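For reference, the structure I am asking about is given below.
The values are calculated or read from the model by the stated rules, or taken from the named source; none is laboratory data. Just so it is clear, the model here is predicted, and its values are computed rather than measured. Cβ atoms come from the backbone with ideal geometry, glycine included; neighbour counts cover every protein chain shown. For accessibility, only protein heavy atoms count, side chains too; no ligands or nucleic acids. Shrake-Rupley method; radii C 1.70, N 1.55, O 1.52, S 1.80 Å.
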Amino acid sequence: VTVPTRVLLLGGSTEATRLARALASWTGFEVVTSLAGRTASPVLPEGRVRVGGFGGTAGLVTYLAAEAVGAVLDATHPFAAVMPWHAHEACERAGIPRLRVLRPEWKAQPGDRWCTVANLAAAAAAVGSGRARRVFVTTGRSGLEVFAAANDRQRHWLVRSVDPPGRLSLHPATILLGRGPFRLQEELDLMRRHGIDLLVTKNSGGDATAAKLAAARRLGIPVVIVARPPAPPGASAPDVPTALAWLSTTLSAQTGGGG
Ligand code: NAP
């Protein structure tokens, strides 16, 4: 029988970075953060890091055994649609406890003019059928091509992403590179400066990028907001302290000690 010696932390979110920092001082287990490798210059978490896919569920099952993983913290981004399911299936097969770390969704507040849609294609359709002329898109650099269906000589796009979006099929467009956190005043200034009349965003949740929604509310700008993909069943934690408490209990059960 292999004795579990590692915790696998599936990364790609601010919570994952915070978890890696908090866990750096824990003893008895090595924490390995796994990144997909999509971001050109990711914020590297503390501790050991591995980069790249596992090769589907089967690859992950192999990895979990080879690395003697005793628990998995799935702190991938709320819009990671595939990895959480692979983690769920692989952990079920391997009999390894897994926790999904999933921050709460943003909720509409009085004054918000939200149109919630199921995916990016539906967001593009909502833009295309509306009359907005200056659209601020913050859904990330992947999947932007669907918005080309809403290209219109009258419509200007403002696209903000962490990495350059590559060949952009949106025109005319202005590209802004930036990584949160963003402050309310900068978001207000930006939206005013560009005359934004529609915001398109994913319902990522969290504080780092919430200011754009407050700015839209303040300026009376409508928002097309993409709902999250379905998450697999199982234990989940809304924040880092809850995740740490779960891990402590889980590791204690395995070792009779723990962090
Ligand atoms: P995804 O659709 O859920 O995953 C696609 C594939 O990428 C997975 O099947 C897996 O490949 C690999 N992968 C994803 N996360 C991984 C991780 N933490 N470690 C190792 N491999 C991983 O994910 P995505 O939407 O492409 O996002 C990729 C990464 O960017 C995720 O880690 C996510 O947390 C982060 N991110 C995503 C978004 C977003 O809006 N989607 C936003 C910010 C950050 P294999 O099948 O080969 O194992």
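Suppose we keep only residues that are in a loop (DSSP other than H, G, I, E, B) and at pLDDT below 95 within segment 231-258. Which one would you say is nearest to Ala81 (Cα to Cα)?
Ranking the candidates gives Ala231 first.
Restricting to segment 14-57, count the residues that are open to solvent by 60 Å² or more (accessible area, probe 1.4 Å), within 18 Å of Pro97 (Cα to Cα) and part of a helix (DSSP H, G or I).
Number satisfying all stated conditions: 0.
Give segment 51-82 a look and list any residue that's touching a His at 6+ places or on another chain (Cβ under 9 Å), of a type outside the set (S, T, N, Q) and more than 7 Å from the ligand (Cβ to nearest atom), or say none.
Correct list: Asp74 only.
Looking at (1) outside any strand (DSSP E or B); (2) more than 20 Å from Leu19 (Cα to Cα); (3) at pLDDT 95 or above; (4) not charged (D, E, K, R), which is the only condition Gly205 fails?
(2)
If the Cβ limit is 7 Å and pairs must be 6+ apart or interchain, which residue in segment 88-112 that is closer than 21 Å to Gly11 by Cα pairs with which residue that is of a type in the set (Ser, Thr, Tyr)?
Going by the 7 Å Cβ cut-off, the qualifying pairs are Glu89/Thr57; Ala90/Thr57; Pro97/Thr250; Leu99/Ser236; Arg100/Ser236; Leu102/Ser236.
Within the set of pairs 6 or more residues apart or between chains, which connect a residue that is acidic (Asp, Glu) inside segment 184-195 to a residue that is at pLDDT 95 or above and open to solvent by less than 70 Å² (accessible area, probe 1.4 Å) with Cβ atoms less than 7 Å apart?
Final answer for the pair search is Glu187/Ala211; Glu187/Lys212; Glu187/Ala215.
Just one of (1) closer than 22 Å to Thr14 by Cα; (2) without any contact (Cβ under 8 Å) to a residue 60 or more places away in the chain trips up Thr76, so point out which.
It fails just one condition, (2).
Could you tell me whether any residue of segment 181-193 is open to solvent by 20 Å² or more (accessible area, probe 1.4 Å) and hydrophobic (A, V, I, L, M, F, W, C)?
Scanning segment 181-193 turns up at least one residue that is open to solvent by 20 Å² or more (accessible area, probe 1.4 Å) and hydrophobic (A, V, I, L, M, F, W, C).
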